[in-house]
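Student: Quick one: this structure, given as structure tokens, is what I'll be asking you about.
The values are calculated or read from the model by the stated rules, or taken from the named source; none is laboratory data. Since the model is a prediction, treat every value here as computed from it, not as a measurement. Note: ideal-geometry Cβ built from the backbone for every residue, glycine included; neighbour counts use all protein chains shown. Accessible surface is based on the protein model in full, side chains and every heavy atom, while ligands, DNA and RNA are left aside. Shrake-Rupley method; radii C 1.70, N 1.55, O 1.52, S 1.80 Å.
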Amino acid sequence: MGEKSRSGGCCGWFLVLVILAVIVVAIVLVVKKRTDNSSDHPAPIPGPPGAVVHKYGDALKVAMQFFDIQKSGKLEDNKIPWRGNSGLKDGSEAKLDLTKGMYDAGDTMKFGFPMAFTATVLSWSILEYGDQMDTVGQLQPAQDNLRWITDYLVNAHPSENVLYIQVGDPEKDHKCWERPEAMTMERPLTQINTSSPGTEVAAETAAAMASASLVFKTSDSEYSSKLLKHAKQLFGFADKYRVSYSESIPEVQTYYNSTGYGDELLWAASWLFHATGDRTYLDYVTGENGKDFANWGSPTWFSWDNKLAGTQVLLSRLSFFGAKGVSDNSGLRGYRKTAEAVICGLLPGSPSATKSRTDDGLIWVSQWNALQHPVASAFLAALYSDYMLTTRTAKVSCSGKSYTPADIRKFVKSQADYVLGDNPMKMSYLVGYGDKYPQYVHHRGASIPADAKTGCTDGFKWLESTKPNPNVATGALVGGPFLNESYIDSRNNSMQAEPSTYNSAVLVGLLSSLVTTSSAVQSLS
């Protein structure tokens, strides 16, 4: 009796276990099926800014400080103890006040082309992610930094067809190593006009003015209107006198050579449409000019020289959000399709994924200033992902393979995290962030003690010094790693160790997108 009872009990428990196993397998299969089909169901729309991700919030606070380091002119409420007033006579030979603006990198030059791009990207970042910047107290600093540049750009445009595009002689500037506060060299001015046009720099400055007019539209309507007036005039000048500034002024080719002006014309017109709602600007980008310059279907890299990918993402928001009377525009479909191609090229595992990346997954295109492309790419991807989320667009198709906004955001974070220290060097490329970051940044002001007395050439001893910089260039994003993911921390290594304001502008946009989640604004105007 006892043995039979135990045998029956074992069989019963065995049957119970089998049934439970069947149930568990069925649940797993159902969950897997739902997961596999999740791309068909859009994610919930993000609400107002949520919980702050402190890593990105802290990094944003650091990155924003670099603009204060780069300011020229009489500094207001100066927060950088080793910086002071500089360039106080800039523009005097033309009886203009060109004292403001920002030095482009580690030197003391004011180059209008990349400076205007810096302003445009800062404006875009504020317009898209201002609420997220505000959660960590960075909206006002961003607006102040933007205005420091646009004040300069307004003064650099004294008449309809004249724009001053450069302050300083780069050849002489690069033969000196001195703090901007101690500059003794002449600061000649370079201008474009009807005799020596410069379509791309005029158009980029128009884009900066138009986008900034949107930023200040509510807080300072008079200033906003002034910016928009300058933007319209500069765009007209750029479009009427179509000549590259690299041809008109060959000397600029050594530093910021332009590879073409078509992208800037489309970029500027796109911003003017957002700022004015005037359909003629939309017709401009979707008609013959689009056919001539948009390069639809061919993804490109977003940078100070090429704005096509940025234009494609900017215009895609019109079709995403169904702007009245424009969402079914065939030209806009071309821009959105190309924007999708840009995104598909960035996503690892995508059938059309670019091979231009390191073993650890960082987008890598050029050994000079290597971080400009991954940071800019991630910024555009963040925007596109947020457009998808807000409009409940479930997926983007890349040659038959689908990706969700979450997939895109994963890529965005991977690039940001690499910059902040998740890389083979275990080093943050953002100076002042984390425990380990570059100590020998290629930057005149950072490398020379604030109380040092130097002239033009005797300051080179600080360039050659083996000691770390006496001043920390907080917020500087250095050029970045080589393809093999190595970094040589040397002041003479300008290829890797020099920061720039235009890289910082895109980084601010990227970090702002990650500080917290929030739905995208329906309209930039």
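Student: Would you pick out the residues in region 144-154 that are touching a residue at least 60 places away in the same chain (Cβ under 8 Å) and either part of a loop (DSSP other than H, G, I, E, B) or open to solvent by 40 Å² or more (accessible area, probe 1.4 Å) (or both)?
Tutor: Residue satisfying the conditions is ARG147 alone.
Student: Quick check on my filter: what residues within region 97-117 are touching a strand residue (DSSP E or B) at 6+ places or on another chain (Cβ under 7 Å) and on the phi < 0 side of the Ramachandran plot?
Tutor: Once the filter is applied, which keeps residues that are touching a strand residue (DSSP E or B) at 6+ places or on another chain (Cβ under 7 Å) and on the phi < 0 side of the Ramachandran plot, region 97-117 yields LEU98, THR99, LYS100, MET102, TYR103, ASP104, LYS110, PHE111, GLY112, PHE113, MET115.
Student: Going by the structure shown, is GLY479 in a loop (DSSP other than H, G, I, E, B), surrounded by 23 or more Cβ atoms within 10 Å (Cβ to Cβ) and either β-branched (Val, Ile, Thr) or out of contact with any strand residue (DSSP E or B) (no Cβ under 9 Å at 6 or more places or on another chain) (or both)?
Tutor: The answer is yes for GLY479.
Student: When the residues of region 52-91 are filtered to those that are open to solvent by 90 Å² or more (accessible area, probe 1.4 Å) and assigned to a loop (DSSP other than H, G, I, E, B), which remaining residue is farthest from SER513 (Cα to Cα)?
Tutor: LYS89
Student: Looking only at region 184-194, filter to residues that are over 30 Å from the mean Cα position of the chain (by Cα) and not β-branched (Val, Ile, Thr); which one of those is modelled with the highest pLDDT?
Tutor: Only one residue tops the list, namely GLU186.
Student: Among the residues of region 315-342, count how many are at pLDDT below 90 and among the charged types (D, E, K, R).
Tutor: The qualifying residues number 2.
Student: Considering only region 291-313, I want to know if a residue exists there that is in a helix (DSSP H, G or I), out of contact with any Ser or Thr (no Cβ under 8 Å at 6 or more places or on another chain) and surrounded by fewer than 17 Cβ atoms within 10 Å (Cβ to Cβ).
Tutor: There is at least one residue in region 291-313 that is in a helix (DSSP H, G or I), out of contact with any Ser or Thr (no Cβ under 8 Å at 6 or more places or on another chain) and surrounded by fewer than 17 Cβ atoms within 10 Å (Cβ to Cβ).
Student: Shifting gears a bit: Sort through THR466, THR457 and tell me the only one that's open to solvent by 10 Å² or more (accessible area, probe 1.4 Å) and either at pLDDT below 95 or on the phi > 0 side of the Ramachandran plot (or both).
Tutor: Just a single option satisfies the conditions, and that option is THR457.
Student: I would also like to ask the following. Looking at region 316-363 only, could you name the residues that are open to solvent by 20 Å² or more (accessible area, probe 1.4 Å) and more than 25 Å from ASN289 (Cβ to Cβ)?
Tutor: PRO348, GLY349, PRO351, SER352, ALA353, THR354, LYS355, SER356, ARG357, ASP359, ASP360, GLY361
Student: Just the residues that are over 27 Å from the mean Cα position of the chain (by Cα) and open to solvent by 30 Å² or more (accessible area, probe 1.4 Å), please, taken from region 170-183.
Tutor: Residues satisfying the conditions are GLU171, LYS172, LYS175, GLU181, ALA182, MET183.
Student: Considering only region 155-166, state which residues are open to solvent by 20 Å² or more (accessible area, probe 1.4 Å) and of a type in the set (A, V, I, L, M).
Tutor: Scanning region 155-166 gives a single hit, VAL162.
Student: Here's a follow-up. Scan region 340-377 for residues that are closer than 18 Å to MET388 by Cβ and either part of a strand (DSSP E or B) or touching a Pro at 6+ places or on another chain (Cβ under 7 Å) (or both) and report the count.
Tutor: Count: 3.
Student: Report, by residue number, each residue of region 142-196 that is charged (D, E, K, R) and more than 26 Å from PHE66 (Cβ to Cβ).
Tutor: Once the filter is applied, which keeps residues that are charged (D, E, K, R) and more than 26 Å from PHE66 (Cβ to Cβ), region 142-196 yields GLU160, GLU186.
Student: Considering only region 458-486, state which residues are touching a residue at least 60 places away in the same chain (Cβ under 8 Å), under 22 Å from LEU60 (Cα atoms) and of a type in the set (A, V, I, L, M, F, W, C).
Tutor: ALA473, ALA476, LEU477, VAL478
Student: Moving to a separate point now. Which residues, counting only those in region 394-416, are in contact with a helix residue (DSSP H, G or I) (Cβ under 7 Å, 6 or more places away or on another chain) and not small (Gly, Ala, Ser)?
Tutor: LYS395, VAL396, CYS398, THR404, PRO405, ILE408, ARG409, PHE411, VAL412, LYS413, GLN415
Student: Select from region 378-410 the residues that are assigned to a strand (DSSP E or B), in contact with a Pro (Cβ under 9 Å, 6 or more places away or on another chain) and open to solvent by 40 Å² or more (accessible area, probe 1.4 Å) and list them in ascending order.
Tutor: LYS401
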